[in-house]
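The values are calculated or read from the model by the stated rules, or taken from the named source; none is laboratory data. Note that this is a predicted model, so its numbers are computed, not measured. Cβ sites come from the backbone with ideal geometry, for glycine too, and all protein chains shown count toward neighbours. Heavy atoms of the whole protein, side chains included, go into the accessibility calculation; ligands, DNA and RNA do not. Shrake-Rupley method; radii C 1.70, N 1.55, O 1.52, S 1.80 Å.
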Amino acid sequence: MKIIKKDPVNQFLYAFEFDFDWNVIKFCQKTKDKTGLSALYFKYKKWRFSELAIVDLIRSAFPDVALEPAVEVDLVSHKLWKANEVRRMSKALELKNALETDFVVNNLILDLYPYQRVGVEFLENNSGRCVIADEMGVGKTCQALGYIAHKCFKKTVVVCPATAKGVWKKETKKFTKLKSFVMTTAPLTEEIWSNHDIFIINYDSISKHSDFLMAKAAAGLIDCLIVDESHRIKDPTRLRSRAVGLLSRNIPHFIALSGTPMLNRPIELFTTLNIINPAEWPDFQAYKNRYCWSKEKFDYTGAANIEELRGKIASYFLRRTKDQVLPYLPKRIYSEIPIELDSETAQDYADAEAGLIADFRSGKKIETVNALKVLNELRRLSSIGKIEQGIELIKDIIESEKVIVFSNFNEPLKQLKEYFGDQAVMITYKVTKDEDRDRAVSEFQTNPDVKIFLGGMRAAGEAITLTAGKTTIFFDFSWVPADHDQAASRNHRPSDLEVKHDNLNILQLVTLGTIDDRMKLILEKKRKTFDELFAKDPKKAQNYMVEAILESYKEEYADRGLQKN
């Protein structure tokens with residue numbers, strides 16, 4: 001008995017199984033030594049490999065070998081792929097240098113920028129198996145969504161950091177008519193599976209759902225796998241990397257997204273390359289030796305033979321910086337990052353809010369002064385509850401650039417400083433000496449090892465220059481919207497002729513189901529009122545906001561109370 005099966009295990013895709021025969025074993029051993037990474041198991045009479053070329057070698061030596069249907073399908077697909085390879089590579093290199101295209105992306109609610117349509121065409125040209133490594137703010141998410149909407153895929157799985165789950169759900173609704181579902185630790189039911197198109201799961205949860213997703217993939221029911229911030233699967237030995245790798249083996253389209261300059265740290269690329277083309281990138285150790293060896297540190301954190309690597313992956317690796325697509329981008333790119341409160345803070349928040357809700361349900365008159373204390377506590381808890389996911393977001397950003405973080409509360413800033421240590425400098429109201437403030441700003445501006453500026457909204461939101469950072473994160477909302485505008489201008493100073501960023505990322509963290517939602521909704525509806533009436537009177541702006549929030553509670557809970565009575 002001799003048969004070749006499609007049997008994905010770790011980095012291997014195929015298995016040649018045979019009855020014990022020394023001639024077969026000698027052939028396997030000899031061919032194995034010539035063709036690179038594979039694994040020959042004498043005891044189990046099995047040879048595992050990934051290169052389809054080996055199938056042809058086995059068939060030439062043993063004409064009686066049987067092929068599993070899945071292997072025959074792969075052989076046909078591979079021959080078609082090879083036939084189109086020259087054309088594909090030529091077109092890919094053309095698209096890498098283009099910012100506009102006539103390519104039409106179908107089934108979208110909103111139009112994409114011209115260079116984003118180029119990205120979708122690049123995905124189409126590569127049959128949805130490539131890396132989109134555009135710089136943060138260029139729009140990787142909408143390009144991936146554009147591709148899956150254009151292709152009318154039935155089911156897509158998105159693996160992303162926890163901080164990005166809400167963003168994917170929001171962007172899916174914004175750009176497409178597809179229905180998305182954010183997966184939690186709860187098991188996925190067949191009903192949910194049938195009624196949704198995109199399933200969003202964070203890295204730490206994928207192993208909990210691997211059996212369900214693997215079964216769907218094996219049955220051919222998942223069309224596309226998108227891995228956001230794909231540098232997080234850089235280590236192929238880690239559980240998350242193995243889970244993503246195994247899941248990908250039975251999914252025809254694989255899109256890796258990452259805003260970090262991975263070619264500076266090629267160690268981060270291997271798992272992604274192995275998934276896209278396991279036959280070309282089968283051996284992690286060989287890859288490390290060739291591209292990752294650091295002569296200075298004597299480890300694999302370096303970069304070697306980068307031009308060779310760049311050439312090998314050029315046809316399926318697309319990266320554009322904001323400078324390249326400058327004409328298409330707004331001066332400031334505002335993004336809302338939905339965050340879920342951690343369980344401990346969520347309970348504290350519910351306890352703090354319970355008294356206020358009870359007062360509304362009972363019809364008790366609530367004084368603005370007393371309500372302000374409760375609302376400020378809710379704002380503080382909402383901000384603290386973002387720490388864990390905020391850290392993950394900051395870690396992703398500082399892979400490639402510096403970041404500015406503002407909060408109205410000292411506690412989250414203090415916790416961030418404790419976590420990031422010397423990578424961060426901080427200015428709050430407790431930093432009273434001008435020389436200490438100047439030193440913190442100078443370190444952020446000039447020291448390459450200082451990646452993060454942490455600032456209190458009032459203490460650091462004006463009269464300082466932070467042009468070393470292109471991205472600003474607001475951990476919470478201010479009572480006065482003008483405070484945000486003032487703080488967001490710290491890294492865009494028109495008077496600075498040497499350093500002036502034309503495209504800035506402004507990220508607002510919003511905790512779902514908290515006072516953040518209420519403040520955001522009020523600001524969206526009443527921003528013009530704030531700008532016209534309260535720009536020069538912060539106290540009135542605060543009182544107006546508090547009254548509006550209390551009114552939103554009244555509308556939600558006073559009516560409920562009446563219904564119950």
Taking alpha-carbon centroids only, the range 116-189 lies from the range 1-41 a number of Å equal to 37 Å
Compare Thr184, Thr368 by solvent-accessible area with a 1.4 Å probe and give them largest first, with all protein chains kept in place. Thr184, Thr368
Can you compute the modelled spin-label distance between Lys433 and Asn97, with each label point 7 Å from Cα toward Cβ, in nm? 5.7 nm
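Keeping all protein chains in place and using 1.4 angstrom, which order do Arg249, Arg320 fall into by accessible surface area, from largest down?
Arg249, Arg320
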Once you place label points 7 Å from the Cα toward the Cβ at Asp299 and Lys82, how far apart are they in nm? 4.2 nm
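Sorted by mean Cβ packing within 10 Å, highest first, what order do the peptides 121-133, 330-342 take?
Output ranking for 121-133, 330-342: 121-133, 330-342.
What translational diffusion coefficient, to the nearest whole µm²/s, does the range 179-321 have by Stokes-Einstein, given a Kirkwood radius computed over alpha-carbon pairs, a temperature of 4 °C and 1.567 mPa s viscosity?
The diffusion coefficient I find is 79 µm²/s.
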Taking H placed 1.01 Å from N in the peptide plane, check which residues at least 5 places from Phe317 or on another chain put their amide H under 5 Å from its amide H. Val131
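For the chain, what is the mean residue ellipticity at 222 nm derived from helices alone (per DSSP H run of n ≥ 4: -39500 (n - 2.57); sum divided by total residues; nearest 500 deg cm²/dmol)?
Using -39500 (n - 2.57) per qualifying helix, the result is -14000 deg cm²/dmol.
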Set the Förster radius R0 to 35 Å, insert the Cβ-Cβ distance between Asp351 and Glu462 as r into 1/(1 + (r/R0)^6), and round the FRET efficiency to 0.05. 0.50
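At 1.4 Å probe size, put Asp7, Asp323 in order of accessible surface, largest to smallest.
Result of the area sort, largest leading: Asp323, Asp7.
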Dipole moment magnitude, nearest 20 debye, the range 145-193 about Cα centre, only Lys, Arg, Asp, Glu C-beta charged: 260 debye
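Per 0.36 nm of contour for each residue apart, how much would the distance between Asn543 and Arg59 grow if the chain were fully extended, relative to their Cα-Cα spacing?
Full extension of this stretch gives 166.2 nm more.
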Compute the orientation-averaged projected area for the range 416-493 from the convex hull of its Cα atoms and round it to one decimal in nm². 5.1 nm²
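Take the solvent-accessible surface of the protein heavy atoms, probe 1.4 Å, and return the percent of it on the chain that carbon and sulfur atoms account for.
C and S fraction of accessible area: 52 percent.
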Dipole magnitude of the chain, debye to nearest 20 (Cβ charges: Lys/Arg +1, Asp/Glu -1, about Cα centre): 920 debye
Per the Cauchy relation, a quarter of the hull surface: what is the mean projected area of the convex hull of the alpha carbons in the chain, in nm²? 31.2 nm²
1.4 Å probe accessible area per residue over the chain, in Å²: 47 Å²
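So for each of 137-149, 450-462, 187-199, 389-401 I average, over its residues, the number of other beta carbons within 10 Å; can you give me the resulting order with the highest mean first?
Those peptides, ordered most packed to least, come out 137-149, 450-462, 389-401, 187-199.
Rounded to the nearest 0.05, what FRET efficiency is calculated for Lys364 and Lys177 with R0 set to 41 Å and r the Cβ-Cβ distance?
According to the calculation, E is roughly 0.35.
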Of all DSSP beta bridges in the chain, what percent run antiparallel (nearest 5)? 20 percent
Can you compute the FRET efficiency between Phe212 and Thr529 using 1/(1 + (r/R0)^6), with r the Cβ-Cβ distance and R0 = 56 Å? Round to the nearest 0.05. 0.70
Please state the relative contact order of the chain as a whole percent: Cα pairs under 8 Å, 6+ residues apart? 12 percent
On a C-alpha basis, how far is the centre of the range 410-484 from the centre of the range 310-348 in Å? Whole number, if you could? 22 Å
